[in-house]
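Following: one structure in structure tokens, then a few remarks.
The values are calculated or read from the model by the stated rules, or taken from the named source; none is laboratory data. What you see is a predicted model; the values in this text were computed from it and never measured. Please note: Cβ atoms are built from the backbone with ideal geometry, for glycine as well, and neighbour counts cover all protein chains shown.
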Amino acid sequence: MTVYFIGAGPGAADLITVRGRDRLAAAPVCLYAGSLVPVELLAHCPAGARLVDTADLDLDQIIAELVTAHRQGHDVARLHSGDPSVFSAMAEQLRRLDAAGVPYEIVPGVPAFAAAAASLGRELTVPGVAQTVILTRTAARATPMPPREELSTLAASGATLVLHLAVQRIAALAPELAEHYGAGCPAAVVAYASRPDERILRGTLADIAGQVAAAGIRRTAVIIVGPALAAETFPDSHLYSTTRDRHHPAI
């Protein structure tokens, strides 16, 4: 049988994909991150499905659940928040499933940064302003960052920067980022993007940390930094230009 790694989306239950919902509705076993995945999604599970909250399980226990379900002939829905390709800890699960000979399929989901950008009402890649988005995090007490991925190196690019799992350190990070972007660079923090309790803070690298402290935001938030957040004067993209040759496929 198959383990389906399903991106549950950023928080709003209706932002799961149709494919993800259908895979969930057909799986008699569902493992989900209870602290991150909206419980409303579990209503799509079949009646009598085995529901396992992985919040208090370690990796070995999670893999044991997946392998046992496979051996019993059950498909498994493995719900991850956002999109499982980014900061999901999916890679180590896939490695162990490969070793155990358990097949799997990955169903993408709406990532948190996309939901945050939608809530901000901004495009993160604005013509002539920013055409690159960097998704990253900081080490702190988590797994160390690989060489050459230090925040200062990434910030030197001037690209739109999205920081996950970092809002608790924003007081230290904002001055570091300001060395490359400038203190007046637009910055935003979106907590619980797409959920009813969503919080949106807009400012600059000079004041965003103070806003976060005043709002008491400490988790489930992304930080977005870059001039694209406030760009007003920029050229129209080539995509819809009147000068573009529309007799050839877009490149």
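What number of residues within segment 100-118 satisfy the criterion of being farther than 14 Å from VAL225 by Cβ and buried (at least 17 other Cβ atoms within 10 Å of the Cβ)? Steps first, answer last, please.
As a first pass, look at segment 100-118 and keep what is farther than 14 Å from VAL225 by Cβ: 100-112, 114-115, 118.
Next, only the ones that are buried (at least 17 other Cβ atoms within 10 Å of the Cβ) stay: 102, 104, 106-107, 109-112, 114-115.
Matching residues across segment 100-118 total 10.
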Worksheet item: From the set of residues in segment 4-55 that are within 27 Å of LEU165 (Cα to Cα) and of a type in the set (Val, Ile, Thr), which is surrounded by the fewest Cβ atoms within 10 Å (Cβ to Cβ)?
Response: VAL39
Item to complete: Kindly indicate whether GLY73 is touching a residue at least 24 places away in the same chain (Cβ under 8 Å), outside the structural domain of ARG137 (by TED's automatic domain parsing) and over 18 Å from VAL107 (Cβ atoms).
Response: yes
Discussion item. Any residue at all in segment 162-183 that's over 21 Å from the mean Cα position of the chain (by Cα) and among the aromatic types (Phe, Trp, Tyr)?
Written reply: yes
Fill in: Pairs with Cβ under 9 Å, 6+ apart, first in segment 142-158 and among the hydroxyl-bearing types (Ser, Thr, Tyr), second modelled with pLDDT of 80 or more and not in a loop (DSSP other than H, G, I, E, B)
SER152/GLU176; SER152/LEU177; SER152/GLU179; SER152/HIS180; SER157/ILE134; SER157/HIS180
Practice prompt. Test ARG148 against the stated conditions and say whether it is of a type in the set (Lys, Arg), surrounded by fewer than 18 Cβ atoms within 10 Å (Cβ to Cβ) and touching a strand residue (DSSP E or B) at 6+ places or on another chain (Cβ under 6 Å).
Written response: no
Discussion item. Would you confirm whether or not segment 88-107 contains a residue that is modelled with pLDDT under 95 and either under 25 Å from ALA191 (Cβ atoms) or among the aliphatic types (A, V, I, L, M) (or both)?
Written reply: yes
Worksheet item: Looking at (1) in contact (Cβ under 8 Å) with a residue 12 or more places away in the chain; (2) more than 22 Å from VAL18 (Cβ to Cβ), can you tell me which one ARG95 breaks?
Response: (1)
Worksheet entry | SER88 being surrounded by 16 or more Cβ atoms within 10 Å (Cβ to Cβ) and out of contact with any Asp or Glu (no Cβ under 9 Å at 6 or more places or on another chain) | yes
Worksheet item: Taking segment 104-126, which residues are in contact with a helix residue (DSSP H, G or I) (Cβ under 8 Å, 6 or more places away or on another chain), more than 21 Å from VAL37 (Cβ to Cβ) and outside any helix (DSSP H, G or I)?
Response: ARG122, GLU123, LEU124, THR125, VAL126
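Quick check: anything in segment 56-75 within 27 Å of GLU198 (Cα to Cα), out of contact with any Asp or Glu (no Cβ under 6 Å at 6 or more places or on another chain) and modelled with pLDDT of 95 or more? First the steps, then the outcome.
To start, the set of residues in segment 56-75 that are within 27 Å of GLU198 (Cα to Cα) comprises 56.
Narrowing the set further to residues that are out of contact with any Asp or Glu (no Cβ under 6 Å at 6 or more places or on another chain) leaves 56.
Now drop any that are not modelled with pLDDT of 95 or more, which leaves none.
No, segment 56-75 contains no residue that is within 27 Å of GLU198 (Cα to Cα), out of contact with any Asp or Glu (no Cβ under 6 Å at 6 or more places or on another chain) and modelled with pLDDT of 95 or more.
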